[in-house]
C-alpha cells in the first residue's frame with residue numbers, strides 16, 4: 001500500500017511530458033550542424049563579447065553556409081526591391097522624387113509589380129503553394145535554364161529548400177520499411193528527416209579517391225542489399241553540387257542515374273541548391289536533372305523527379321529570409337494535391353522569401369539601371385569564392401596527414417584527417433568520435449568552428465570535417481595561421 | 001503468362017509514388033479552410049479578372065483571417081522599420097539626410113538595433129530558436145503583460161503560430177493512443193496536425209447557448225470517456241479568444257481549467273493569437289493562461305503550459321510575413337532541448353517574421369516620433385473592427401433561421417443556420433454536408449466566400465459557417481445586401 005501511494009505522489013509531482021514519453025522519432029533525430037560544437041561556439045562568442053580572455057579574438061563560423069553572417073554584403077538590387085515592397089509610402093506618387101533619389105527606377109517598377117502580385121500587400125497570406133505570379137516566373141526561369149517547359153502548378157514555393165525536402169519525404173514514407181538512398185557523406189537534413197518521418201536511410205558511398213564521384217554499380221549494390229533486407233527502397237537523393245563534398249556531376253553520369261532510377265523504380269530527389277556555385281565551369285558545368293531527364297526523350301517520361309532550389313546559396317546568400325522551391329516533374333497530380341493540402345496547414349510560405357525568389361530568377365538585365373552594379377557585385381563574390389576555396393583547400397592539403405579534394409561547386413571543403421592512434425584513444429576516453437574530438441579542440445584553441453565528418457557520415461575508419469570557405473577574404477591568412485598552429489600542436493601532442 | 005506480362009508493363013509505366021502508397025497520415029488530413037470552396041473562389045476570381053459575367057463584381061473573402069488581403073492598411077511604423085532593415089544603404093551616414101526626409105528618427109534607430117541583433121544582416125540564418133535579442137524582448141513583453149517573469153530560453157520564435165503548434169504536437173505524440181482535447185468547433189489546424197502526427201483528437205464541446213462557453217464537467221466527461229476507451233489523453237488545447245467562435249474566457253473559468261489540468265495531468269496548450277482582438281474589454285478582458293497560472297501560486301508550479309502568439313492577428317495582420325512564438329512554462333528542459341533540435345533541421349524561422357515580432361512587442365511609446373500615427377492607426381482599425389463585428393452579427397441575426405453570438409474577441413462570427421429538410425436532401429444528393437452545400441451556393445450567387453461549420457466541427461444536427469468581419473467597412477452594405485438576397489432565395493427554393 002505504501003508503495004502505491006509513493007508511486008502516485010511521484011507521478012503527480014513529475015512532468016506529463018518527459019524525455020521518456022516524447023515521440024521516439026523526434027528523439028532519434030541527429031543533427032550535427034547545430035550540435036554540441038555549434039552550441040559551444042555560441043557560448044565562446046558570448047564570453048568574448050563579455051571581455052573574456054581566450055586564445056583567439058573572434059569565433060570564425062565556418063560550420064554553416066551562412067554567407068551574410070560572415071559579412072558577405074547582400075546584393076544591392078535585391079535589397080532595394082525588398083525594402084520598397086515593405087513600405088507602401090515609398091511607392092506612392094507623393095514621395096516619388098525623394099524615393100527616386102535613393103532607388104533606381106527599375107527597383108521601383110519591380111517592387112510595384114511584386115506588391116500587385118501579392119494582392120496589394122506583402123502582409124497578406126498568399127496561396128499555400130506560393131503567389132501564382134512568382135511561380136510563373138520560376139517556371140520561366142527553369143525553361144530558360146533548361147530549354148524544356150515547366151508548369152507553375154507543379155512548383156511549390158517554400159520557406160527554404162529544407163521544408164520542401166521535408167514535405168516530399170513526409171508524403172513519401174507510408175511505413176517504416178520505406179527506404180531512401182542518400183549519399184554518404186550527406187547533408188544531415190536527409191537522415192534527420194528520415195528519422196523524423198520514420199523511414200530508412202539507405203546509404204550509398206561517394207568515392208573520395210575519385211573526386212567524390214558516384215557510380216551506378218555502387219548504387220545498385222546499395223539498393224539490392226537494402227531490398228534483400230526487406231527495405232522498400234523508393235527514392236534516391238542526390239545533392240549536386242555536393243554538400244559537404246563539393247563535387248559536380250557530369251551529364252553522362254546523370255543520364256546513368258536517371259536510367260537507373262527508371263529501371264529500379266526510384267523517385268529522384270535532386271537537391272540543386274548550389275547550382276550557381278560552380279567553380280570549374282568549363283570542366284564541370286552544372287546541369288539540372290530536369291534538363292537531362294527531358295533531353296532523354298519520351299521513353300523516360302515516367303521518371304518521377306523532385307528538384308529543389310533555394311535563395312540561401314549561390315552568390316545571393318539570403319539564408320535568413322527562408323525561400324526555396326520544389327519543382328515536381330512526372331509526379332502524379334493526386335500526389336501534388338496532397339502536398340498542397342499539407343502545405344495549407346501552415347497557410348503559406350513567408351511572402352518575403354517568395355519575393356526574393358522572384359528577384360533571384362529575374363535579375364536585372366543588360367541596359368537596365370541596376371544591371372551594372374548587380375553584375376559587379378555578383379562577379380566579385382563569385383571570383384572571390386573561387387580564390388577562397390582554392391586557398392583553403394591548399395592550406396588543408398599542407399597540414400600533416402590531411403588531404404582535401406578541391407571544390408568543383410557548393411560552399412564547402414571536406415578534408416580527410418588521419419589522426420594518430422593516441423588521439424583516437426583520447427577521443428574515446430572523452431566519449432567522442434575522433435573527428436568531433438579534433439573539431440572541439442580546434443574550436444577551443446582557435447575559435448574556428450567546423451562540423452565533424454561524423455555528422456555527415458563517412459567511410460568507416462576515416463575522419464573528416466566540413467568547412468565553408470565563406471569568411472571575408474582578408475581574414476583567411478589569420479584564421480589559416482591559427483589552424484596550422486593548432487594542427488601542429490595537436491599532432492605533436494598525440495603523435496604515436 | 002500474358003497476364004503476368006501485362007501486369008509488369010502496367011507496373012513500370014505507372015508511378016512509384018501514388019495516392020495509394022502515400023503516407024496515410026498525410027491522406028487522412030482534412031483542412032477545410034483552404035478546401036473546395038476556397039479553391040472555387042480562386043477560380044471565380046480568375047474568371048472575373050478575365051472579364052467573365054457573374055452575378056457579382058468581386059469575390060469577398062471572408063473565409064480566412066487575412067486582413068491585408070481585404071485592404072487593411074499595414075501599420076506605418078512596422079513597415080517603415082521593416083523597409084529600413086532590408087536596405088543597408090538607408091542606414092548609412094551618407095544617405096542620412098535623404099532617409100530622414102522619408103523616415104521618422106525612431107524608425108531608423110530601431111532598424112539599426114534590429115540589424116545589429118541579427119548579426120549585421122537580416123539575410124543571415126539566426127539561432128534556430130530565433131534571435132536571442134528578440135526572444136529577450138518577447139520575454140519582457142510577457143513580463144509587462146502578466147506581471148510574472150519570463151525566460152527568453154523558453155521561447156521559440158517560429159514562422160507563425162501554426163508551425164509552433166505543430167512542433168509541440170509532433171514532440172508530444174509518441175504513439176497512436178495519445179489524445180489531445182480540442183474544442184468543437186475548433187480551428188482545423190488542430191485536427192489536421194493530430195492526423196498528421198498520428199494522435200487522437202478528443203473533442204469537448206463549446207456551449208453555443210451559453211456564448212460558446214466551456215465547462216469543467218464537460219471536459220471531465222470527455223477525458224473520462226476517452227480514457228475508458230484506451231486513449232492516453234495528454235493535453236488540452238484552448239483557443240482564447242475563440243476561433244471560430246469568438247468567445248473570451250473569464251479568469252475564474254481559466255483557474256478551473258488550470259486546476260483541471262493539474263488534477264488530470266494534462267499539458268495545457270493555449271492558443272492566444274487573438275489576445276488583442278478584444279471587443280468588450282470591460283466585461284470580457286483578455287487574461288493569459290501564463291498569468292492566471294502564475295497567480296495561482298506554487299502549488300500549481302508543476303502545471304505544463306505552451307502559450308502561442310502571432311504577428312498575423314490583432315490590429316497588425318502581418319500574416320504573409322509568418323511570425324509567431326511559443327512560450328514554454330513548466331516544461332521539462334530536456335523536452336525543450338528536443339524541440340530545439342527539431343527546429344534546427346529547418347535552420348531558423350524567417351528573420352523578417354522575427355523582426356516584426358520585435359516591433360509588435362515593442363511598439364512606439366508616448367513622446368516618440370512615431371507614437372501618434374501608430375496609436376491612431378491601431379485605434380482606427382480596432383474601433384472599426386468592433387463596428388464591423390456588430391454590424392455583421394446583426395445582419396446574420398436578421399436572416400430567417402439564423403442565430404449568431406456576438407464576437408467578444410478574435411475575427412470571426414460563427415452563425416448557426418437552420419436549414420429546411422429539402423435543402424438537407426439536396427445537399428445529400430450533391431454529396432455534400434448541408435452547410436458546405438449552403439456555403440457553395442452562397443459563393444456562386446454572391447461571390448462571398450465563407451467556411452462551412454463542418455470544417456470546424458459542430459454539435460450533430462446543427463449547421464454553421466465561419467465568416468470574418470474583416471472586409472473594408474464601406475463594402476459591408478453591399479455584400480450584406482447580396483447575402484440577404486441570396487439567403488431569401490435559398491430559403492424560398494428549399495422551403496419545406
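The values are calculated or read from the model by the stated rules, or taken from the named source; none is laboratory data. As the structure is a computational prediction, the values presented were derived from the model and not from experiment. Reconstructed Cβ throughout: ideal geometry from the backbone, glycine too, with neighbour counts over all protein chains shown.
Check B:343, B:307, B:370 and return the single one that is buried (at least 22 other Cβ atoms within 10 Å of the Cβ) and not assigned by the TED database to the domain that holds residue B:279. Write out each step before concluding.
Working: B:343 fails: not assigned by the TED database to the domain that holds residue B:279; B:307 fails: not assigned by the TED database to the domain that holds residue B:279.
Criteria check complete, one pass: B:370.
From the list A:104, A:88, A:74, exactly one residue is more than 9 Å from chain B (Cβ to nearest Cβ) and more than 15 Å from residue A:362 (Cα to Cα). Which is it?
Details: A:88 fails: more than 9 Å from chain B (Cβ to nearest Cβ); A:74 fails: more than 9 Å from chain B (Cβ to nearest Cβ).
From the options A:104, A:88, A:74, the qualifying one is A:104.
Residue check: is residue B:365 under 25 Å from residue B:109 (Cα atoms) and in contact (Cβ under 8 Å) with a residue 40 or more places away in the chain? Break it down stepwise before answering.
Working: under 25 Å from residue B:109 (Cα atoms): yes; in contact (Cβ under 8 Å) with a residue 40 or more places away in the chain: no.
So residue B:365 fails the test.
Just to check your reading of the model, which residue among B:16, B:33, B:26 is crowded, with 19+ Cβ neighbours inside 10 Å, at pLDDT below 95, within 11 Å of chain A (Cβ to nearest Cβ) and assigned to a loop (DSSP other than H, G, I, E, B)?
Working: B:33 fails: assigned to a loop (DSSP other than H, G, I, E, B); B:26 fails: assigned to a loop (DSSP other than H, G, I, E, B).
Just a single option satisfies the conditions, and that option is B:16.
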Worksheet item: Has the stretch B:153-160 got at least one residue that is at the interface with another protein chain (Cβ under 10 Å from one of its Cβ atoms) and under 30 Å from residue B:227 (Cα atoms)?
Response: no
Fill in: Some residue of the stretch B:444-461 being out of contact with any strand residue (DSSP E or B) (no Cβ under 9 Å at 6 or more places or on another chain) and in a helix (DSSP H, G or I)
yes
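Can you tell me which residue in the stretch B:187-207 is surrounded by the most Cβ atoms within 10 Å (Cβ to Cβ), limited to those that are away from every other protein chain (no Cβ under 14 Å) and farther than 14 Å from residue B:176 by Cα? Outline the logic, then answer.
Initially, the stretch B:187-207 is screened for residues away from every other protein chain (no Cβ under 14 Å), giving B:200-207.
Keeping just the survivors that are farther than 14 Å from residue B:176 by Cα gives B:203-207.
On the way: B:203: 15, B:204: 21, B:205: 18, B:206: 23, B:207: 14.
Going through the qualifying residues, I end up with B:206.
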Discussion item. Residues that are surrounded by fewer than 22 Cβ atoms within 10 Å (Cβ to Cβ), in contact with a helix residue (DSSP H, G or I) (Cβ under 6 Å, 6 or more places away or on another chain) and farther than 30 Å from residue A:465 by Cβ: does the stretch A:60-79 have at least one?
Written reply: yes
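Pick from B:419, B:347: which is assigned to a loop (DSSP other than H, G, I, E, B) and under 30 Å from residue A:63 (Cα atoms)?
Step by step, each of B:419, B:347 is checked, and only B:347 is assigned to a loop (DSSP other than H, G, I, E, B) and under 30 Å from residue A:63 (Cα atoms).
Residue check: is residue A:346 within 14 Å of chain B (Cβ to nearest Cβ) and within 30 Å of residue B:188 (Cα to Cα)? Can you show your working first?
Values: within 14 Å of chain B (Cβ to nearest Cβ): yes; within 30 Å of residue B:188 (Cα to Cα): yes.
Yes; evaluated as a whole, the condition is true for this residue.
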Discussion item. Being touching a strand residue (DSSP E or B) at 6+ places or on another chain (Cβ under 8 Å) and more than 12 Å from chain B (Cβ to nearest Cβ) is the filter here; which residues of the stretch A:297-318 pass it?
Written reply: A:307, A:308, A:309
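From the list B:119, B:123, which residue is at pLDDT below 95, in a loop (DSSP other than H, G, I, E, B), facing another protein chain (nearest Cβ under 8 Å) and out of contact with any strand residue (DSSP E or B) (no Cβ under 7 Å at 6 or more places or on another chain)? It would help to see each step written out before you state the result.
Details: B:123 fails: at pLDDT below 95.
Only one candidate qualifies: B:119.
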Item to complete: Six or more apart or on different chains, Cβ under 7 Å: which pairs go from a residue in the stretch A:475-489 that's assigned by the TED database to the domain that holds residue A:449 to one that's surrounded by 16 or more Cβ atoms within 10 Å (Cβ to Cβ) and not in a helix (DSSP H, G or I)? Could you list them?
Response: A:479/A:60; A:479/A:448; A:479/A:471; A:482/A:56; A:482/A:448; A:483/A:448; A:484/A:399; A:487/A:399
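Would you say residue A:218 is modelled with pLDDT of 95 or more, in the same structural domain as residue A:135 (by the TED database) and surrounded by fewer than 19 Cβ atoms within 10 Å (Cβ to Cβ)? Spell out how you get there, then give the answer.
Values: modelled with pLDDT of 95 or more: no; in the same structural domain as residue A:135 (by the TED database): yes; surrounded by fewer than 19 Cβ atoms within 10 Å (Cβ to Cβ): yes.
Against the criterion (modelled with pLDDT of 95 or more, in the same structural domain as residue A:135 (by the TED database) and surrounded by fewer than 19 Cβ atoms within 10 Å (Cβ to Cβ)), residue A:218 does not qualify.
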Worksheet entry | Residue ID - surrounded by the most Cβ atoms within 10 Å (Cβ to Cβ), chosen from residues in the stretch B:126-140 that are in contact with a helix residue (DSSP H, G or I) (Cβ under 6 Å, 6 or more places away or on another chain) and part of a helix (DSSP H, G or I) | B:134
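Kindly indicate whether residue A:211 is within 9 Å of chain B (Cβ to nearest Cβ) and in contact (Cβ under 8 Å) with a residue 40 or more places away in the chain.
So residue A:211 fails the test.
Do you know which residues across the stretch B:280-293 are at pLDDT 95 or above and either in a strand (DSSP E or B) or touching a strand residue (DSSP E or B) at 6+ places or on another chain (Cβ under 8 Å) (or both)? Step through it out loud before you land on a result.
As a first pass, look at the stretch B:280-293 and keep what is at pLDDT 95 or above: B:285-293.
Result: B:285, B:286, B:288, B:289, B:290, B:293.
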Worksheet item: Identify, please: which residue in the stretch A:245-296 is under 28 Å from residue A:416 (Cβ atoms) and within 14 Å of another protein chain (Cβ to nearest Cβ) and is, among those, nearest to the chain's Cα centre (by Cα)?
Response: A:273
Worksheet item: Does at least one position in the stretch B:141-151 carry a residue that is over 24 Å from the mean Cα position of the chain (by Cα), within 12 Å of chain A (Cβ to nearest Cβ) and not in a helix (DSSP H, G or I)?
Response: no
Response to the item:
Note: among A:358, A:327, just one is more than 9 Å from every other protein chain (Cβ to nearest Cβ), in contact (Cβ under 8 Å) with a residue 60 or more places away in the chain, within 30 Å of residue B:18 (Cα to Cα) and buried (at least 24 other Cβ atoms within 10 Å of the Cβ), namely A:327
Discussion item. Which numbered condition in (1) at negative phi; (2) touching a residue at least 12 places away in the same chain (Cβ under 8 Å); (3) part of a loop (DSSP other than H, G, I, E, B) is the only one that residue A:426 fails?
Written reply: (3)
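Return the only residue of B:247, B:262, B:275, B:186 being in a loop (DSSP other than H, G, I, E, B) and modelled with pLDDT of 95 or more. First the steps, then the outcome.
Values: B:247 fails: modelled with pLDDT of 95 or more; B:262 fails: in a loop (DSSP other than H, G, I, E, B); B:186 fails: modelled with pLDDT of 95 or more.
Residue meeting the stated conditions: B:275.
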Discussion item. I need the full set of residues from the stretch B:47-71 which are assigned to a helix (DSSP H, G or I) and more than 9 Å from chain A (Cβ to nearest Cβ), in order please.
Written reply: B:47, B:48, B:49
